[in-house]
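The values are calculated or read from the model by the stated rules, or taken from the named source; none is laboratory data. Owing to the predicted nature of the structure, the values given are computational and were not obtained by experimental measurement. All Cβ positions, even for glycine, are placed from backbone atoms using ideal geometry, and neighbour counts span all protein chains on display. Please note that ligands, DNA and RNA were not included when accessible areas were found on the heavy atoms of the full protein model with its side chains. Shrake-Rupley method; radii C 1.70, N 1.55, O 1.52, S 1.80 Å.
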Amino acid sequence: MLPEQRLLNQNTSNSANNSSALDANQLASLQQSVADYSSLQLAWASGYLAAKSEQGQNAQIAPVAAAVAAKTLTILYASQTGNAKGVAGQLEKSAKEAGITVVLKNIADFKAKALKNETHLLIVASTNGEGEPPDDAIEFHEFLLGKKAPKLPNLSYSVLALGDSSYEFFCQTGKEFDERLQVLGAKQVTPRVDCDVDYDSDAENWTLSIVESLKDELTQSDAPLATVIDLPTAGAVSQYSKQNPYAAEFSLSQKITGRDSAKDVRHIEIDLGDSGLTYQVGDALGVWFENDANLVAELVAALSLTGEEKVKLKVDGAAQVLTLTDALTTQLEITQTAPAFIEFWAKISGNKELAAIAADKNSAREYAGQHQVIDVVKAAKTEIDAQFFIEALRKITPRLYSIASAQSEVEDEVHLTVGVVSYDANDKTRTGGASGFLCQRLEEGQNVRVFVEHNDNFRLPQSDETPVIMIGPGTGVAPFRAFMQEREARDATGDNWMFFGDQTFTQDFLYQVEWQNYLKSGLLTRMDVAFSRDQAEKVYVQDRLKEQASEVFAWLERGAHLYICGDANRMAKDVHQTLNEIIQEHGKLSAEQAEDYLKSLRSNKRYQKDVY
Ligand SMILES: Cc1cc2nc3c(=O)[nH]c(=O)nc-3n(C[C@H](O)[C@H](O)[C@H](O)COP(=O)(O)OP(=O)(O)OC[C@H]3O[C@@H](n4cnc5c(N)ncnc54)[C@H](O)[C@@H]3O)c2cc1C
Ligand SMILES: NC(=O)c1ccc[n+]([C@@H]2O[C@H](COP(=O)([O-])OP(=O)(O)OC[C@H]3O[C@@H](n4cnc5c(N)ncnc54)[C@H](OP(=O)(O)O)[C@@H]3O)[C@@H](O)[C@H]2O)c1
Ligand SMILES: Cc1cc2nc3c(=O)[nH]c(=O)nc-3n(C[C@H](O)[C@H](O)[C@H](O)COP(=O)(O)O)c2cc1C
């Protein structure tokens, strides 16, 4: 049932005539009428309708509804991969439990112009790209930071920013929202909190504090708040989630790069059994992992500890006592490090070189990107108490993998394409935590804790006739395998054009046979490949795009949707630049106009990225 229908059924259920919900025409007419309403106005209308159903057609209810409306708290989330959305959901729950009337919205669904009508606003925002807002927040961000943003003297607000301190522009989007709201005259209720990747406890504390701060002000009313307003929340919540993952069977792991490849990429199949978990093509799978026992042992030894020391930490929100070895294996990040840990270790060890690195933000970030916790510890050995040590580490966080299958094809399975992160440091081969777990340590038949992370910003076009251009070098191929399965299952007639690239044709052509079969069957209209190391000069997917520039532009002009998946740092930027050049040349536009062309594709959901 649509959320609107649920709401209407609910609100009509107490009325004298509850035999019928709205019919389709009435529903459409109501939807049209409220399309331009702000959150506040929606809340008012909701109160109005509920009171009307209680009191009958002639009831005088406007003053009550107005009192209710003045008490509404609007929560907006700006999220790329679901974390901010999850925190906002928890915030909504806490606020409702405190008796506050809440409207929760994806920031993309919020009319920025209606901001001036809001009185109480909380924003939970992550940062994406290089200090950029998540896709869904681009328009709101542009409006708020632009000249047309209204003065907001009547607004009380607070911002929770999610980010990753290993990025140069830490929590940039949250910072920009916060600073701009202040400039526009809004009143900050509690200071912004900037959360790192292990955001759980900071987010929980901020939630508690903001709900406590707003509770009295937002619940001072005799009106029956909770019964009057229960607006739809964002998305249905499934039984399994990031906090409550499903223990799925790891059913197949197959290396799909050749014996002589420089890379180890696996095709992985996971059985979702009777979990009831569902996904759409474009979604990602979240995977919880355990650290390598050998690495944990090496770390414990480097710390001159035994591993049997007891340490206290929060597990699933409750304080627990574990051995140091168990804590390092199951609860804490040891394959990634962060500038804060380098600073901590420099202080503890008194090591001057580390202190110099820690003192310079850029050096610390670069060093953290190339060293694991063990490398930092070994760079300056020193004695430390086990409890003190673990308190300096970040909590383990699950990794996301683009889903490489369609349920229309594989039913209860989910497929992934995982590249093992592996490099040499300190004369040892260092391996990524989750990719090492999935590809090297987990055995077929064992369980792996997973959840589905929905991603409405990476979806096939609604019409099966719309052409698609897919650009996915390396593991970026994953979601496009899923797209093809789905297009086949739907008998979609739209053209499909795939650009794939990797190091060599013989060793790294991921899913080669499947692509060739799709070409043979005609489902795949075109495929262009760029094997970078098969000749003296590097050839990349963007070179293939350039070679086909007029055709690429022609596809865009006839409505093609454009997708990029894979490396965010270099590939996605270079491909974007190439697309700009293609549009300049073939659309006879300036660089700026070509950028606007791409922007408009993006806001029409015709240019979508799944990059990492
Ligand atoms: C939405 C999304 C979709 C994704 N889809 C996929 C996918 O389909 N397939 C896939 O394989 N991955 C995918 N990823 C990436 C994936 O989530 C993990 O980031 C990746 O597997 C690495 O995690 P890890 O735990 O193995 O490595 P970590 O333990 O997180 O280690 C990675 C760290 O190792 C360090 N490092 C890496 N390489 C080097 C090097 N050469 N030298 C020195 N240090 C280095 C860096 O500091 C890096 O942060 C996706 C990510 C996102 C956000
Ligand atoms: N955030 C993380 O922790 C994390 C972890 C794992 C992977 N990743 C990212 O995921 C990406 C996917 O890894 P992968 O090994 O499957 O593929 P990849 O490294 O992206 O390589 C795929 C192909 O892209 C080429 N390439 C390199 N630079 C390019 C550019 N600027 N433009 C276009 N193509 C370019 C490579 O060529 P050459 O190699 O010959 O130059 C190779 O042929 C990695 O690049 C990495 O950035 C991130
Ligand atoms: C491709 C990519 C780019 C990112 N860029 C930044 C950044 O510039 N600054 C930052 O603080 N965090 C950055 N992050 C980290 C995210 O903000 C962080 O993981 C956050 O918890 C994600 O929340 P979300 O799932 O709601 O989007 C980036 C993450 C990814 C995957």
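Within 25 Å of residue 211 (Cα to Cα), at pLDDT 95 or above and within 16 Å of ligand 1 (Cβ to nearest atom) - does that describe any residue in region 118-127? For region 118-127, residues within 25 Å of residue 211 (Cα to Cα), at pLDDT 95 or above and within 16 Å of ligand 1 (Cβ to nearest atom): present.
Of (1) assigned to a helix (DSSP H, G or I); (2) away from ligand 1 (no atom under 16 Å from the Cβ); (3) over 19 Å from residue 189 (Cα atoms), residue 96 satisfies all except one. Which? Only one criterion in (1) assigned to a helix (DSSP H, G or I); (2) away from ligand 1 (no atom under 16 Å from the Cβ); (3) over 19 Å from residue 189 (Cα atoms) is unmet by residue 96, namely (3). Only one of the listed residues (540, 563) is within 22 Å of residue 484 (Cα to Cα) and touching a residue at least 24 places away in the same chain (Cβ under 8 Å). That residue is 563. For region 447-477, filtering for residues that are more than 23 Å from residue 488 (Cβ to Cβ), in contact with a Gly (Cβ under 8 Å, 6 or more places away or on another chain) and away from ligand 3 (no atom under 16 Å from the Cβ) leaves 1.
What's the total number of residues in region 462-491 that are free of Cβ contacts under 8 Å to residues at least 60 places away in the same chain and open to solvent by 10 Å² or more (accessible area, probe 1.4 Å)? Working first, answer last.
Residues of region 462-491 that are free of Cβ contacts under 8 Å to residues at least 60 places away in the same chain, as a first pass: 462-465, 484, 487, 491.
Imposing the further condition that a residue be open to solvent by 10 Å² or more (accessible area, probe 1.4 Å) reduces the set to 462-465, 491.
Looking only at that region, the number is 5.
Search region 571-612 for residues being without any contact (Cβ under 8 Å) to a residue 12 or more places away in the chain, more than 16 Å from ligand 3 (Cβ to nearest atom) and among the charged types (D, E, K, R), and hand back the single one that is most open to solvent (accessible area, probe 1.4 Å).
Taking region 571-612 and keeping what is without any contact (Cβ under 8 Å) to a residue 12 or more places away in the chain, we get 573, 584, 588-593, 596, 599-600, 604.
Narrowing the set further to residues that are more than 16 Å from ligand 3 (Cβ to nearest atom) leaves 584, 588-593, 596, 599-600, 604.
Filter once more, keeping what is among the charged types (D, E, K, R): 588, 592, 596, 599.
Working: 588: 168, 592: 144, 596: 85, 599: 109 Å².
Ranking the candidates gives 588 first.
Filtering region 289-317 to residues that are more than 25 Å from the chain's Cα centre (by Cα) and either within 16 Å of ligand 2 (Cβ to nearest atom) or closer than 19 Å to residue 398 by Cα (or both) leaves 292, 293, 295, 296, 313.
Please go through region 100-130 and pick out each residue that is within 16 Å of ligand 2 (Cβ to nearest atom) and without any contact (Cβ under 8 Å) to a residue 60 or more places away in the chain.
126, 127, 128, 130
Inside region 115-142, residues that are open to solvent by less than 40 Å² (accessible area, probe 1.4 Å) and in a helix (DSSP H, G or I) make up a count of 6.
Of all residues in region 147-165, which are within 15 Å of ligand 1 (Cβ to nearest atom) and either assigned to a strand (DSSP E or B) or in contact with a Pro (Cβ under 7 Å, 6 or more places away or on another chain) (or both)? Reasoning before the result, please.
Restricting attention to region 147-165, the residues satisfying the condition of being within 15 Å of ligand 1 (Cβ to nearest atom) are 162-165.
Answer for region 147-165, where residues must be within 15 Å of ligand 1 (Cβ to nearest atom) and either assigned to a strand (DSSP E or B) or in contact with a Pro (Cβ under 7 Å, 6 or more places away or on another chain) (or both): 162, 165.
The helices (runs of 4 or more DSSP H) located wholly in region 269-367 that include 2 or more residues which are closer than 23 Å to residue 433 by Cα and either modelled with pLDDT of 95 or more or away from ligand 1 (no atom under 16 Å from the Cβ) (or both) occupy 293-302, 324-330, 339-349. Pairing each residue of region 67-79 that is under 30 Å from residue 171 (Cβ atoms) and within 16 Å of ligand 2 (Cβ to nearest atom) with any residue that is open to solvent by 10 Å² or more (accessible area, probe 1.4 Å) and at pLDDT 75 or above, provided the two are 6+ apart or on different chains, yields no C-beta distance under 8 Å.
Regarding residue 160, is this residue farther than 21 Å from residue 219 by Cα and touching a Cys at 6+ places or on another chain (Cβ under 9 Å)? Taking the combined requirement at face value, the residue satisfies it. Pairing residues of region 346-374 that are closer than 19 Å to residue 425 by Cβ with residues that are part of a helix (DSSP H, G or I) and open to solvent by 50 Å² or more (accessible area, probe 1.4 Å), at Cβ distances under 6 Å and at least 6 apart in sequence or on separate chains, gives 358/343.
It is to be established whether one or more residues within region 382-397 are in contact with a strand residue (DSSP E or B) (Cβ under 6 Å, 6 or more places away or on another chain), at pLDDT 95 or above and of a type in the set (Phe, Trp, Tyr). No, region 382-397 has no match at all. Here is a check on your reading of the model: is residue 568 part of a loop (DSSP other than H, G, I, E, B), open to solvent by less than 40 Å² (accessible area, probe 1.4 Å) and either among the aliphatic types (A, V, I, L, M) or within 11 Å of ligand 2 (Cβ to nearest atom) (or both)? In short, yes. The set of residues from region 559-608 being closer than 15 Å to residue 474 by Cα and either within 16 Å of ligand 1 (Cβ to nearest atom) or in contact with a Ser or Thr (Cβ under 6 Å, 6 or more places away or on another chain) (or both) comprises 563, 564, 565, 566, 567, 568, 569, 570, 571, 572. So, in region 97-114, of the ones that are at pLDDT 95 or above, open to solvent by 20 Å² or more (accessible area, probe 1.4 Å) and under 26 Å from the mean Cα position of the chain (by Cα), which residue ends up nearest to residue 138 (Cα to Cα)? Here the residue is 106.
Does at least one position in region 557-566 carry a residue that is within 24 Å of residue 604 (Cα to Cα), in contact with a Gly (Cβ under 7 Å, 6 or more places away or on another chain) and not hydroxyl-bearing (Ser, Thr, Tyr)? It would help to see each step written out before you state the result.
To start, the set of residues in region 557-566 that are within 24 Å of residue 604 (Cα to Cα) comprises 557-566.
This time we only want the ones that are in contact with a Gly (Cβ under 7 Å, 6 or more places away or on another chain), so: 565-566.
With not hydroxyl-bearing (Ser, Thr, Tyr) added as a condition, the list becomes 565-566.
Looking through region 557-566, at least one residue is within 24 Å of residue 604 (Cα to Cα), in contact with a Gly (Cβ under 7 Å, 6 or more places away or on another chain) and not hydroxyl-bearing (Ser, Thr, Tyr).
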